[in-house]
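Colleague: Pasting in a structure now, in C-alpha cells, and then I'll have a few things to ask.
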Amino acid sequence: MDNLREIISYLKGKKVRFADAREHLFREREIATEDTRVEQITEQNVSGVGIKVLYENGWGYASTSAVDLDSLRRTADKALSLARYADSSAAGKVELAAEPKHVAKFATKIKEDPFLVDMSDAAGVLIQAGETILKGKDIIKAGSYLVLRNIKKKYANTEDSLIETDVFTILPQIEATAKANGEVKSRHYWPAPMNAGYEYFRGLDFRANAERIAAQAREHCFARSCESGPATLILDPEHLALTMHESVGHPTELDRVLGYEESCAGRSFATMDKLNTFKYGSEIVNLVADNTLEGGLASCGYDDEGVECQKWHIVKDGILSGYVVNRELAHRMKMPRANGTTRATKYSDVPITRMPNLYLAPGGKPLTAEELIADTEDGIYIEGMGSFSIDQMRLNMQFGGDAFWEIKKGKLTGMLKNVVYNAISYEFWRSCDAIADERAFKRAGFITCGKGDPMQAAQMTHGASPARFRNIMVRRAK
Ligand SMILES: [Zn+2]
C-alpha cells in the first residue's frame, strides 16, 4: 500500500482533480474433465497496478505489471498525459459524485483456502462424478468444469481512501450426454457459483446429482416435442438467472441507457424518462440489486471507484425504480452517490459499470415450489439455462432451457423437448402472476458476463424462487 500512497501523493502534487491507484491480483485455476480423465488444468496469475487520473475534464488510464516505484511513477505520468490530452477535447464538465473516505478491509468469509488444497482432490471428485454419470443407461459422455478464483486488490485515491479486498470464488458444474431414440441430449448440474472457500465445494452432492442428470439426459431423448402456442411457464431459479440478467440487469446499467456503452447488444429500452413510472413487471415483481449479499459473486466490499457496496431496488412492486450508476453519471439521475458497482476484471482493465448481484425477491404469500406446480392446470416447467438471444435494445428475447417438463392438472407428467419461448422483456415480467416464497429461493450466477471493448468478463450472482408466467409464446424449436 505504501507505493500506492506514494503515487497518489505524487499525483496530488500535479493538481489532478481525482486519481486512484489499484493493485490488482487475479488468480484463477480451472480444472476440466472428460469422462474419467482430466482434460485440462490451467492456472493464471495476473497482477499489476492500474492508475486512473481525472485532470480538469479529461480521464486517463494506464497500467503496469511492474510495481516498483519508478515504474508506477512512469505509469502515473502516462495516465496524466492521457488525461490532459482527453481534457483538450472534453465534451463537457465531469461531475464526480461524492463518496466518504474509506479506510477499510473486506474479505470473503472462508474456512479453507481453495488454492492450498491439492488440485488432485477436486480432480478426484470430478472424475468420480464422471464415473457415476457413465454408469447411466445410454450415456455417451460425461464432463465437468471447476473454476477457483481469488482476486486481491489494494486501492488508494486522492480522497484518502485506502481499501484492501480479498475475494474467493468457486464455480463447479458437471454434464451428462445421452444418445438414444435418434437424439443426443445433455443435462447439467450447476450448483450456484459462490464467493466462498473450498468447504463449499466439499459440501456439494455430486454423486446424487450425477445419477439424476444421467437419467434425465436419457429421458430427454425420449421426450415428445412441445406444441407451439401461448403457454403458462413455471421457470426455476437457474433459468430465471439468465432471463433477469439479460432483460433486467443489462438494460438498467446507466452507461448503456445513456448510450456510452453499446457493444454486446449494449443499448436499452429502459430510458431515464421511465424511472419511477414504467411498469417493468407485475406488481409482485421486485428485482433487487445487492452487492452486500454474503457469498454473492459481486460482493466485494468496495468497488474500483472507492465506493462502498450497497443494496437497492431496480424494480419495486413492478415499477422501474433504479439503475446501476457510477460516480461520473450519478448527477444525471440527481443521485448524490454512486451505488458501488464499478469494477475491472484485471489490473490492465479500465473499471466500468458492472451488473451487481441481482435477484427476484421471493413471493410475499406462503407458497412452495410444489404448491405452485399443483396450482397450475396446464403448462411447462423449465429448468436451467440454454441458448438465448436478445436484441440491441433488450426488448425482443428468446430463451431455451436445460430441461422441460410438461405440467398437467398440477403434476409434472414427463419431459418435453425442443422448447423455446419468445417475449418482449417487460411483457414477460408483467405476465408474472405467482412467485414461490423464500423456502424455494436458490442462487445461480455467472463469471463470464461480457462487456466493454476490449471485452472484460465479470461475475455476479442472481437468485429467485420458481415463478409462473402466463400467456408466453412457446415455439417448437425443430
Ligand atoms: Zn452479461
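Colleague: Report the residue count in the range 21-56 for those that are buried (at least 23 other Cβ atoms within 10 Å of the Cβ) and either touching a Ser or Thr at 6+ places or on another chain (Cβ under 7 Å) or not assigned by TED's automatic domain parsing to the domain that holds residue 165 (or both).
Modeller: 5
Colleague: Suppose we filter the range 307-340 for residues that are over 20 Å from the mean Cα position of the chain (by Cα) and of a type in the set (Val, Ile, Thr); how many remain?
Modeller: Number satisfying all stated conditions: 1.
Colleague: If you check 385, 393, 397, which single one turns out to be closer than 30 Å to residue 151 by Cα, within 16 Å of the ligand (Cβ to nearest atom) and of a type in the set (A, V, I, L, M, F, W, C)?
Modeller: Values: 393 fails: closer than 30 Å to residue 151 by Cα; 397 fails: closer than 30 Å to residue 151 by Cα.
None of the other options fit; the residue is 385.
Colleague: Let me ask something additional. Report, by residue number, each residue of the range 231-254 that is within 12 Å of the ligand (Cβ to nearest atom), hydrophobic (A, V, I, L, M, F, W, C) and closer than 16 Å to residue 274 by Cα.
Modeller: Of everything in the range 231-254, just one residue is within 12 Å of the ligand (Cβ to nearest atom), hydrophobic (A, V, I, L, M, F, W, C) and closer than 16 Å to residue 274 by Cα, namely 248.
Colleague: Looking only at helices (runs of 4 or more DSSP H) that fall completely inside the range 206-273, which ones have 2 or more residues that are touching a helix residue (DSSP H, G or I) at 6+ places or on another chain (Cβ under 9 Å) and not assigned by TED's automatic domain parsing to the domain that holds residue 385? Break it down stepwise before answering.
Modeller: Numbers: elements: 206-221, 237-244, 254-257.
Those helices (runs of 4 or more DSSP H) span 206-221.
Colleague: Has the range 170-179 got any residue that is under 30 Å from residue 222 (Cα atoms), in contact (Cβ under 8 Å) with a residue 60 or more places away in the chain and hydroxyl-bearing (Ser, Thr, Tyr)? Walk me through it before giving the result.
Modeller: Quick first cut of the range 170-179, residues under 30 Å from residue 222 (Cα atoms) only: 172-179.
Checking the rest, the ones that are also in contact (Cβ under 8 Å) with a residue 60 or more places away in the chain come to none.
No.
Colleague: Separate question: With the structure loaded, tell me whether residue 373 is surrounded by 20 or more Cβ atoms within 10 Å (Cβ to Cβ) and either at pLDDT 95 or above or not in a strand (DSSP E or B) (or both) or whether it fails that test.
Modeller: For residue 373, the condition - surrounded by 20 or more Cβ atoms within 10 Å (Cβ to Cβ) and either at pLDDT 95 or above or not in a strand (DSSP E or B) (or both) - is not met.
Colleague: Let me ask something else about it. Quick one: what pairs do we get from the range 329-342, first residue open to solvent by 30 Å² or more (accessible area, probe 1.4 Å), second among the β-branched types (Val, Ile, Thr), C-beta under 7 Å, 6+ apart or different chains?
Modeller: Taking only residues 6 or more apart or on different chains, the pairs are 333/325; 335/325.
Colleague: Right, here's the next one. Within the range 401-419, is there a residue that is within 16 Å of the ligand (Cβ to nearest atom) and either in contact with a Leu (Cβ under 7 Å, 6 or more places away or on another chain) or aliphatic (A, V, I, L, M) (or both)?
Modeller: The first filter runs over the range 401-419 and keeps only residues within 16 Å of the ligand (Cβ to nearest atom), leaving none.
No, there is no match, as no residue in the range 401-419 is within 16 Å of the ligand (Cβ to nearest atom) and either in contact with a Leu (Cβ under 7 Å, 6 or more places away or on another chain) or aliphatic (A, V, I, L, M) (or both).
Colleague: Can you give me the number of residues within the range 350-370 that are away from the ligand (no atom under 16 Å from the Cβ), touching a strand residue (DSSP E or B) at 6+ places or on another chain (Cβ under 7 Å) and in a loop (DSSP other than H, G, I, E, B)? Give the derivation first.
Modeller: First pass over the range 350-370, keeping only residues away from the ligand (no atom under 16 Å from the Cβ): 350-351, 360-370.
Subset that is touching a strand residue (DSSP E or B) at 6+ places or on another chain (Cβ under 7 Å): 350-351, 360-363, 367.
From the residues that got through so far, the ones that are in a loop (DSSP other than H, G, I, E, B) too are 350-351, 361-363, 367.
The total comes to 6.
Colleague: Quick one: in the range 430-478, which of the residues that are assigned to a loop (DSSP other than H, G, I, E, B) and within 13 Å of the ligand (Cβ to nearest atom) is farthest from residue 183 (Cα to Cα)?
Modeller: Restricting attention to the range 430-478, the residues satisfying the condition of being assigned to a loop (DSSP other than H, G, I, E, B) are 431, 436-437, 441, 452-455, 465-466, 477-478.
Next cut, within 13 Å of the ligand (Cβ to nearest atom) only: 452, 455.
Working: 452: 38, 455: 36 Å.
Ranking the candidates gives 452 first.
For every residue, the table says whether it meets (1) open to solvent by 10 Å² or more (accessible area, probe 1.4 Å); (2) out of contact with any Phe, Trp or Tyr (no Cβ under 9 Å at 6 or more places or on another chain); (3) in a strand (DSSP E or B).
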{"site": "125", "(1), (2), (3)": "yes, no, no"}
{"site": "131", "(1), (2), (3)": "yes, yes, no"}
{"site": "141", "(1), (2), (3)": "yes, yes, yes"}
{"site": "149", "(1), (2), (3)": "yes, no, yes"}
{"site": "152", "(1), (2), (3)": "yes, no, yes"}
{"site": "156", "(1), (2), (3)": "no, yes, yes"}
{"site": "165", "(1), (2), (3)": "yes, no, yes"}
{"site": "169", "(1), (2), (3)": "no, yes, yes"}
{"site": "175", "(1), (2), (3)": "yes, no, yes"}
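Colleague: Something else now. Would the range 400-416 turn up any residue that is touching a residue at least 24 places away in the same chain (Cβ under 8 Å) and of a type in the set (S, T, N, Q)? Lay out the reasoning, then the answer.
Modeller: Within the range 400-416, the subset touching a residue at least 24 places away in the same chain (Cβ under 8 Å) is 400-412, 414-416.
Next, from what is left, pick out any that are of a type in the set (S, T, N, Q): none.
For the range 400-416, residues touching a residue at least 24 places away in the same chain (Cβ under 8 Å) and of a type in the set (S, T, N, Q): absent.
Colleague: Quick one: residue 431 ticks every box in (1) crowded, with 21+ Cβ neighbours inside 10 Å; (2) in contact with a Lys or Arg (Cβ under 6 Å, 6 or more places away or on another chain); (3) of a type in the set (Ser, Thr, Tyr) bar one, so which box is it?
Modeller: Of everything listed in (1) crowded, with 21+ Cβ neighbours inside 10 Å; (2) in contact with a Lys or Arg (Cβ under 6 Å, 6 or more places away or on another chain); (3) of a type in the set (Ser, Thr, Tyr), residue 431 misses just condition (1).
Colleague: Still on this structure: For the range 305-331, how many residues are of a type in the set (A, V, I, L, M) and under 21 Å from residue 343 (Cβ atoms)?
Modeller: Here is the first cut: in the range 305-331, the ones of a type in the set (A, V, I, L, M) are 307, 314-315, 319-320, 324-325, 329-330.
Right, trim to under 21 Å from residue 343 (Cβ atoms) and you get 307, 314, 324-325, 329-330.
Count: 6.
Colleague: Separate question: Going residue by residue through the range 247-259, is there one that turns out to be open to solvent by less than 10 Å² (accessible area, probe 1.4 Å), under 19 Å from the mean Cα position of the chain (by Cα) and of a type in the set (A, V, I, L, M)?
Modeller: Within the range 247-259, one or more residues are open to solvent by less than 10 Å² (accessible area, probe 1.4 Å), under 19 Å from the mean Cα position of the chain (by Cα) and of a type in the set (A, V, I, L, M).
Colleague: Got at least one residue in the range 201-212 being under 21 Å from the mean Cα position of the chain (by Cα), over 30 Å from residue 412 (Cα atoms) and surrounded by 24 or more Cβ atoms within 10 Å (Cβ to Cβ)?
Modeller: no
Colleague: Here is a follow-up. State whether one or more residues within the range 3-10 are open to solvent by 60 Å² or more (accessible area, probe 1.4 Å), charged (D, E, K, R) and touching a Gly at 6+ places or on another chain (Cβ under 9 Å).
Modeller: Checked the range 3-10: no residue is open to solvent by 60 Å² or more (accessible area, probe 1.4 Å), charged (D, E, K, R) and touching a Gly at 6+ places or on another chain (Cβ under 9 Å).
Colleague: Moving on. Filter the range 389-417 down to the residues that are in contact with a strand residue (DSSP E or B) (Cβ under 8 Å, 6 or more places away or on another chain) and either in a helix (DSSP H, G or I) or farther than 21 Å from residue 190 by Cβ (or both) and list them by number. Before you say what the answer is, go through the steps one by one.
Modeller: Going through the range 389-417, the residues in contact with a strand residue (DSSP E or B) (Cβ under 8 Å, 6 or more places away or on another chain) turn out to be 389-391, 395-409, 412-417.
Answer for the range 389-417, where residues must be in contact with a strand residue (DSSP E or B) (Cβ under 8 Å, 6 or more places away or on another chain) and either in a helix (DSSP H, G or I) or farther than 21 Å from residue 190 by Cβ (or both): 391, 395, 396, 406, 407, 408, 409, 413, 414.
Colleague: A further question follows. Could you identify the single residue in 323, 280 that is within 16 Å of the ligand (Cβ to nearest atom), touching a residue at least 60 places away in the same chain (Cβ under 8 Å) and hydroxyl-bearing (Ser, Thr, Tyr)?
Modeller: Numbers: 280 fails: within 16 Å of the ligand (Cβ to nearest atom).
On inspection, the qualifying residue turns out to be 323.
Colleague: Then there's this: Checking residue 221 against (1) within 16 Å of the ligand (Cβ to nearest atom); (2) of a type outside the set (S, T, N, Q); (3) touching a strand residue (DSSP E or B) at 6+ places or on another chain (Cβ under 7 Å), which test does it fail?
Modeller: Residue 221 satisfies all of (1) within 16 Å of the ligand (Cβ to nearest atom); (2) of a type outside the set (S, T, N, Q); (3) touching a strand residue (DSSP E or B) at 6+ places or on another chain (Cβ under 7 Å) except (1).
Colleague: Does residue 292 satisfy the criteria of being assigned by TED's automatic domain parsing to the domain that holds residue 340, within 16 Å of the ligand (Cβ to nearest atom) and among the polar types (S, T, N, Q)? Break it down stepwise before answering.
Modeller: Values: assigned by TED's automatic domain parsing to the domain that holds residue 340: yes; within 16 Å of the ligand (Cβ to nearest atom): no; among the polar types (S, T, N, Q): yes.
Against the criterion (assigned by TED's automatic domain parsing to the domain that holds residue 340, within 16 Å of the ligand (Cβ to nearest atom) and among the polar types (S, T, N, Q)), residue 292 does not qualify.
Colleague: So which residues in the range 81-112 are surrounded by 14 or more Cβ atoms within 10 Å (Cβ to Cβ) and polar (S, T, N, Q)?
Modeller: Matches in the range 81-112: 81, 108.
The values are calculated or read from the model by the stated rules, or taken from the named source; none is laboratory data. Computed from a predicted model, the values in this text were never measured in an experiment. Reconstructed Cβ throughout: ideal geometry from the backbone, glycine too, with neighbour counts over all protein chains shown. Calculation scope for accessible area: heavy atoms of the full protein, side chains included, ligands and nucleic acids excluded. Shrake-Rupley method; radii C 1.70, N 1.55, O 1.52, S 1.80 Å.
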